[in-house]
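These notes concern the structure reproduced below.
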Amino acid sequence: MKTTYIYILIFTFFIGNIFAQQTPAPNQQTDYSIEGATAHLGNGEVIENSLIMFSEGKIKFVGRAEMKIARLGTVINANGKHVYPGFIVANSALGIGEIDAVRATVDDDEVGTYLPHIRSLIAYNAESSVVETMRPNGVLMAQITPRGGTISGTSSIVQLDAWNWEDAALKIDDGIHMNWPESFTSGRWWLGEDAGAKPDEKYASNVEKLTSFILDGKRYLKSDKNPKNIPFDALTDLFNGTKKLYVHASGVREITDAINFCKEVGIAKMVLVHGDEAYKVADLLIENNIPVILERAHREPNKDDDEYDLPFRSAKLLVEKGITVAIGMEGSMERMSARNLPFYAGTYAAYGLGKEEALKLITSNTAKILGIDDKVGTLEVGKDATLFISEGDALDMKTNILTNAFIQGRNISLETQQTTLWKRYSKKYSSH
C-alpha cells in the first residue's frame, strides 16, 4: 500500500502540469447569503453571527444574522466559521515566472536600466499553475510587479481566477517601480575581495544619473515631444499624480534621499517598498504621507547589532507611528511563497500587532496603497464580493481551511491541478 502511494506522488509531481488550469468561474448568476459566520471586515471591525449578502458581483448587505431581512438566493450556513475579504499580495512576480530554474518560464525582467514603459500586465500568465495555488489560502488578488534595472517598469493589479490578463485586470498600470541605488556595496569574495560592506563610491553618481533621467523626461513632456520617446512618455502619469512611484529602498540614507528626490523632481505620490529601516525615519514618512510595503517577516536582521526579532516587530513599529503598512513578497522563492501571505501576517500579529490589525496588512491597507480600496479590501456594501469562508482563523496555518471563495461574486474553484490529480488517483487506488 505504501509503495502504491509513493508511485502516486511521483506520478503527480511529474505529470501534474500537463493538466489544464481550473476553469475560471462564470459571472455571478446566483445570489448568495452567508449566515452565521464571524465576519472580519478588514477594517478592524468584527461581527459575530454575521449576515453577508451579495448579488451581481457586489456586496448588498453586511450586518448581524439576527436582523429580520429577506435572504438573497442560496443561503450558506457558516455557523462556527469565519468570513474574510479576499487577501491581496503586493509587490509580487506571480504569473510572470513559473520555474526559476527554467529561464524560458521567467518573464519578470527586461534588458536595460530605465524601463518605465515596460508593462508587467501583458506578460501575466493567468494559466500559471503557481497562481492557482494562491486561492486555497484566500489570496485572491495580486499586484504584478516587474523586476530588474533601476526603473523596472509598470505594475498592475489582477484577480487570480481568469482566462487571460485582460479578464484578470483589476487596475491597469497602477505605478512605476524604481530600485533606488545602494549606498553600500560588498566585495566580490570569489575574486579575493573583502566581502564586508563598504560605502559605494558610485552612489552619488548613480543617484545623479537617475535624477537626470527623470528631469530629462519631465522636460520632454513639456516640449513638442519630437522625436517621440516611449520611456519618457510613460512618465506622464507620475507627474500628474495618477500613477504612484514605488521606490524599493531599505536603508535610512536611501529612504531619505528617495523622499528628497521625489520632492525635487515633482513626483507627488511615493510608496516605499522594503523599508527595512523605515522605523528609523517614521516621522519623515508620516510628514510626507508615504505608506510602506514591508518585506516578509521571516528574514534575518540586516545588521549584526540589530535585535534578532526586529524583522518580526517591524510592522508594529510602523503601525504604532500611524503609517499605512502592507506586506510585499519580493525575495527568495517569492512566487511560491506568496501563498503563505496570511501566515506572514499572522507572524506580525504574534509579535505585538494583534490579529485584526495584522489582517489590515493584507486587506484594507494593501487596497488603499494600491488604489483599489473603492472596490476591494473590506467587506462593505457596494464593494466587490471578493471574499472567502474559512473553518478557522485565516492567519493560522493550521486552521485556515477554506470551504468557499468568491471573486466578484463568482463562486471560484479551490482545486489545483495537483489536488485534482491526487483525489482522482487516491480514490482509484484506495481499495488496493
Checking TYR344, TYR348 in turn, the sole residue that is of a type in the set (Phe, Trp, Tyr) and touching a helix residue (DSSP H, G or I) at 6+ places or on another chain (Cβ under 6 Å) turns out to be TYR348
Tell me, which residue of the stretch 78-93 that is closer than 30 Å to ASP173 by Cβ and out of contact with any Asp or Glu (no Cβ under 6 Å at 6 or more places or on another chain) is surrounded by the fewest Cβ atoms within 10 Å (Cβ to Cβ)?
-> SER92
With (1) under 23 Å from GLY57 (Cα atoms); (2) at pLDDT 95 or above; (3) open to solvent by 10 Å² or more (accessible area, probe 1.4 Å) as the list, and GLU127 as the residue in question, which single condition is left unmet?
-> (2)
Mind listing whichever residues of the stretch 7-44 are among the β-branched types (Val, Ile, Thr), at pLDDT 55 or above and more than 26 Å from the chain's Cα centre (by Cα)?
-> THR30, ILE34
ARG119 under 24 Å from LEU294 (Cα atoms) and modelled with pLDDT under 95 = no
Failed item in (1) of a type in the set (Gly, Ala, Ser); (2) modelled with pLDDT of 95 or more; (3) loosely packed, with under 14 Cβ neighbours inside 10 Å, with GLY138 passing the rest | (3)
Taking the stretch 299-312 only, how many residues are open to solvent by 60 Å² or more (accessible area, probe 1.4 Å) and under 22 Å from the mean Cα position of the chain (by Cα)?
-> 1
What about VAL75, is it modelled with pLDDT of 95 or more, among the β-branched types (Val, Ile, Thr) and either surrounded by fewer than 16 Cβ atoms within 10 Å (Cβ to Cβ) or touching a strand residue (DSSP E or B) at 6+ places or on another chain (Cβ under 6 Å) (or both)?
-> yes
Is the stretch 258-273 home to any residue that is at pLDDT below 95 and either surrounded by fewer than 21 Cβ atoms within 10 Å (Cβ to Cβ) or in contact with a helix residue (DSSP H, G or I) (Cβ under 7 Å, 6 or more places away or on another chain) (or both)?
-> yes
Evaluate the following for ALA345: is it more than 15 Å from the chain's Cα centre (by Cα), crowded, with 24+ Cβ neighbours inside 10 Å and assigned to a helix (DSSP H, G or I)?
-> no
Exactly one of (1) more than 22 Å from PRO342 (Cβ to Cβ); (2) not in a strand (DSSP E or B) is unmet by HIS177. Its number?
-> (2)
Lone unmet requirement of (1) in a loop (DSSP other than H, G, I, E, B); (2) among the hydrophobic types (A, V, I, L, M, F, W, C); (3) open to solvent by 30 Å² or more (accessible area, probe 1.4 Å) for MET336 = (1)
Considering each of ILE172, ILE122, ILE118 in turn, give the residue that is open to solvent by 60 Å² or more (accessible area, probe 1.4 Å), over 30 Å from MET397 (Cβ atoms), in contact (Cβ under 8 Å) with a residue 24 or more places away in the chain and touching a strand residue (DSSP E or B) at 6+ places or on another chain (Cβ under 6 Å).
-> ILE172
Checked pairs for the stretch 318-344, first free of Cβ contacts under 8 Å to residues at least 40 places away in the same chain, second among the β-branched types (Val, Ile, Thr), C-beta under 6 Å and 6 or more apart or across chains, list as VAL319/VAL325; GLY322/ILE286
Just name the residue that is farthest from GLY149 (Cα to Cα) out of those in the stretch 181-228 that are open to solvent by 100 Å² or more (accessible area, probe 1.4 Å) and among the acidic types (Asp, Glu).
-> ASP224
Quick one: ASN289 ticks every box in (1) outside any helix (DSSP H, G or I); (2) modelled with pLDDT of 95 or more; (3) open to solvent by less than 70 Å² (accessible area, probe 1.4 Å) except a single one, so which number is it?
-> (3)
Just need a number here: residues in the stretch 349-391 that are in a helix (DSSP H, G or I) and under 16 Å from the mean Cα position of the chain (by Cα).
-> 10
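The values are calculated or read from the model by the stated rules, or taken from the named source; none is laboratory data. None of these values were measured; they are calculated from a predicted model. Neighbour counts are summed over all protein chains in view; Cβ atoms, including those assigned to glycine, are modelled from backbone coordinates with ideal geometry. Ligands, DNA and RNA are stripped out before the accessible areas are found, and what is left, the full protein with its side chains, is counted by its heavy atoms. Shrake-Rupley method; radii C 1.70, N 1.55, O 1.52, S 1.80 Å.
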